[in-house]
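The values are calculated or read from the model by the stated rules, or taken from the named source; none is laboratory data. Bear in mind the structure is a predicted one, so any value in this text is a computation, not a measurement.
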Amino acid sequence: ITKIIADSITSGAIANTPYFYATLSGNQTIGDGVNTKIAFNTASIDSNSAFDTSNNRFVVPSGQAGKYYFYAQLNSDSGDVEYIETTIAKNGDEVNYIMNNPSSSHSNLQTNIATILDLAASDYVELFTTSNQTSGNATISAAVRGKNTYLLGFKILT
């Protein structure tokens, strides 16, 4: 019965597709104060081949307009991070924003952000980040202590 339920969620008339899970293949350096697109260049799960790893974005396939849920986790592993600002963008425009601003400088920060968007075919979603360092540049880590930096999303059944 569990397999039947799982199969019905990921295929058939009531499937939450498209869905994807994208990660970094390696660490990414972010210049101090520079707004930078996160280079999600590996899509380990991609039901409709809708995650464009060359442009680091999810693109809504033809015929798949609707409401989508997106969630991202970024891991910063660098010296003296004062804050990290993270933005989810739709077609290049900011739609959700969060600032991780600890009470003191940290070398490791985890930032999480989520949103629900109404998307049309060919709309695209990307993740951007900016950091402020007391010195040097920030590094967005592919993984810190086994926790990946990732972006995931799926169409919501309505």
Given (1) at negative phi; (2) under 14 Å from the mean Cα position of the chain (by Cα), identify the lone condition not met by ASN56. (1)
Is the range 44-65 home to any residue that is modelled with pLDDT under 80 and either of a type in the set (A, V, I, L, M) or part of a loop (DSSP other than H, G, I, E, B) (or both)? no
